[in-house]
Structure formats: structure tokens, C-alpha cells
Amino acid sequence: MLPRVNSAAIRRLNMVRVFHALRENPRCAQRDLSRLTGLDKATTSAIVAQMVEEGLVERTEAPRARRIGRPETALGIAPSAGLLVGARLEPGTIRIVSTTLAGTVVEQSQIPGSTDLATALRQLHEGIDAVVAASRPGGGAEPPLLRGIGIGIPALMDREGRLVLAPNLGWRDTPIRPLLEEALGAPVHVDNDTKAAAMAERLFGACRGVEDFVYLTGHSGVGGGLFLGGRLYRGAQGFAGEIGHLTVVPGGRPCGCGKRGCLETYVSETSILAQAGERGRALPDLWAAAAAARDGDPVVRTLLEAAGAHLGFALSHMVNLTNPGLVVLGGNLSIVAEFILPTLNATLDEHALEPLRRDLRLLVSPLGPDAVPMGGIALAMDGFLSVPGPIL
């Protein structure tokens, strides 16, 4: 007996295809949607009608090019359809972004973070409330419809969304998603910060249409997100991509994970600033480190060049193992990219296999330090659009 087809799930999948086609092609004519989605005209028309009725899509008159006949309408995700909120939860800071359903940024905020779980949840709640209040359309009295919240956390997160270990936050074995939903009173989607950022690059950044890429970021730690064959690769338990805990200096600097010589003890923002302080350079953040390097500070330049070499060594192993076509430097690594890329490239040349290195492209993320909060937006969008139940 053939399995029964879940027609509701298939309609939902088709709606997701139309949604993303409109998100990526704003003011698209309906006649072009069939080509963009691969759906027939009748299916496309029915989905558009449903999305218009639900307030997700709006029709506007397209500019006319001296054509005779009925005016053509343009379609787009309605700005009034609701709000998504994304956040990056770090020990020292919480970065929050709100966007339309199409991913257009509305408001941004940065507030102090905390390693105390209860304090961090309270501050996150207050910060999100403030951002949502500031996102009222036209400054009106009515709050926007909050469709979902996505949060990226520097932690090992299993496939069920449980926080297994967050060395830099000091949290372990925590049912983080239920705690967040209870604290925030809204649907919450949570994931490792780097995996979230890699999803943002795929939806909004440099990796649209790229099937195989590695995304690297460095805030309190260093993480890697792997897209292989067009899918985010998670591994058996969901922990894949922990490049920050590859050993680059055996017996080296102590790491929050309990090991020594991990990559993040040399390349993360926290470690770069700590090493600068040990050498008499008190720097508040990587923007200050980049400014000092541009001014020719030899200590800071040497630190950043060493960070690039360590990163290139660790990345060479990922290149040899996964053969990506693209590597993207994001998060706070993008702030100092100009100073770490020369030694990173030289080390890749030395340690990566030549056929794999030859066509490998390295880019700096256009999302910059907001890649993780935008990854939260990607999580919230994916949750909002998720298919309820199996297709078959």
C-alpha cells in the first residue's frame, strides 16, 4: 500500500517556497512566481490568494511601461504582517534585532549580559520588550504582532534544544528553550550561535545559493557552522562545527572547556583582548583593537597576525575534511579581518591540500557583528514557517 500524502503539509511546503521567492524578489509579479518556485500557475494563484487573505502578502500596482490592458500588480511580504526578533546572548552583552517578516531590520539594541542565568533572562526580556515597543509601525499605539523570537547562544546545543555546555557562560545541562519561553512569554527558537549565524548567511548574506560553505565567528568563543550539500550539518548529537576547541597549541593557554591550547584561547575576542592586556594594551573591544592596528601598534598587529595563523591552521583541517567552496568570516572576526587574513591565507596555503585550496574563496560577512542576531531572525523565520507534521 502506498503511503497517504499529507496534503496540508504539502500546501505548507509550497507556501514556504512562495514566501521565500517573494522575500528574495520583492515587488514580484504573480506571473513570475511560477517560474521562481517551480509551481504551476493554479497552485501559485491559490497560495498567493491565501497569503493575501492572511495578511502575509500585499498587492500593489506595479509601474506601467506604456502597456495597454489591465494594470499589473506587484506582490511583496506585507510590512504590517508582523515582527521577528533575534538575539545574541553573550556573557558581557546581549545584542537584539527586530525585523519585518521579510527580514528587513527595524530596530537594534545592545544591553549588558550576565553569566547568572536568572539575570540574563530578565535582561533579555526587558531588552526584547524595549525593542518591540520601539518597532511600532509609524510610531502608533498598537504593538506589532510578534511572530517569533530566535536566540543564538555560544553553547553546545543538542538536537532537542537542550543546552549541554556553555563554557563561557558557565551553564551546563540546562533546558534552555522552556526557560526562555517561560521568561519571554512567546514562541522561542534557540540554537548554537554559530549555526544560527550560518543560517543567516544562507538566507540574507553572502551564501545565498551556495551549497557547501564554512562560516566562522568569534565573540566570547570561536565557532564554525558547516553547510554541506545545501544543509546545515549538525552531526550525530547536534554538536558539529566546534572548531574553537581544536587544539592549535598543545599544552597552551587554558580554555573554559577544561582543555588547553584550544583555538578560541588565541582567536576569540575575549582572548585577543586578554592577551593585549597582558602586553600592556588595555582595549575595550575589537573595534579598538582594529583602530590600534591601523595606527600601527606593533603589539596589536602581532597578536592579530598570530590569531590569523592559528585560525588558518585550524581551518586547513576543516578544508581537507569537508572541501567547502567558500569560507566566510563573520561576527567580530569581520571587524579585524583585514589584519588576520594575510596570515590566515598563508597558513592555509601551507597546510591545506592544494587541489582543495585552489578554488576556495574567503569572504568577510556582509552581516558583520550582527550575524548572530540575524541568525536569531533566521531561526524565528524558520519556526514561523515550519511544516506541522511529516509530509507523508
- Query: In the neighborhood of Pro284, defined by Cβ-to-Cβ distances under 15 Å, what is the net charge if each Lys or Arg adds +1 and each Asp or Glu adds -1?
  - Reply: -3
- Enter the accessible area of Ser80 (Å², nearest 10), with the probe set to 1.4 Å and all protein chains included. 100
- Taking segment 289-351 and dividing mean pair separation by its residue count, relative contact order in percent (alpha carbons under 8 Å, at least six apart): 52
- Treat every Asp and Glu Cβ in the chain as -1 and every Lys and Arg Cβ as +1, leave all other atoms uncharged, and give the resulting dipole magnitude about the Cα centre to the nearest 20 debye. 1160
- Where only protein heavy atoms count, and the probe is 1.4 Å, what is the accessible area per residue for the chain in Å²? 46
- Can you tell which of Ser220, Gly244, Ala197 lies farthest toward the positive end of the dipole of the chain, using +1 and -1 charges on the Cβ of basic and acidic side chains (Lys, Arg; Asp, Glu)? Ala197
- Query: Stretched out fully, how many nm does the piece from Glu350 to Ala133 gain, at 0.36 nm a residue minus the Cα gap?
  - Reply: 72.9 nm
- Task: Give, as ranges by residue number, the residues of segment 263-284 whose backbone N falls under 20 Å from the point 7 Å along Cα→Cβ of Asp295.
- Result: 272-284
- Relative packing of 348-357, 183-192, which averages over residues the other C-beta atoms within 10 Å, highest first: 183-192, 348-357
- Message: Net charge within 11 Å of Asn25 by Cβ-Cβ distance, Lys/Arg positive one each and Asp/Glu negative one each, not counting Asn25 itself?
- Response: +1
- Task: Calculate for the chain the 222 nm mean residue ellipticity that helices alone would give, adding -39,500 (n - 2.57) per DSSP H run of length 4 or more and normalising by residue count, nearest 500 deg cm²/dmol.
- Result: -13000 deg cm²/dmol
- Would you work out which of Pro298, Thr100, Ser114 lies farthest towards the positive end of the dipole of the chain, given +1 charges on the beta-carbon of Lys and Arg and -1 on that of Asp and Glu, about the Cα centre? Thr100
- Message: In whole percent, and with a 1.4 Å probe on the protein chains, what portion of the accessible area of the chain is carbon and sulfur?
- Response: 53
- About the Cα centre, charge dipole magnitude for segment 172-245 (Lys/Arg +1, Asp/Glu -1 at Cβ), debye: 140
- Message: With every protein chain left in place and a probe of 1.4 Å, what is the accessible surface of Asp32, to the nearest 10 Å²?
- Response: 40
- If R0 = 25 Å, then Thr93 and Arg208, at their Cβ-Cβ distance, give a FRET efficiency to the nearest 0.05 of 0.35
- What net charge do the residues around Thr302 carry, taking every other residue with its C-beta under 12 Å from that of Thr302, with Lys and Arg at +1 and Asp and Glu at -1? +1
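The values are calculated or read from the model by the stated rules, or taken from the named source; none is laboratory data. This structure is a prediction, so every number in the text was calculated from the model and none was measured. Neighbour counts run over all protein chains shown; Cβ positions are idealised from the backbone, glycine included. Just the protein is used for accessible areas: all its heavy atoms, side chains included, with ligands, DNA and RNA removed. Shrake-Rupley method; radii C 1.70, N 1.55, O 1.52, S 1.80 Å.
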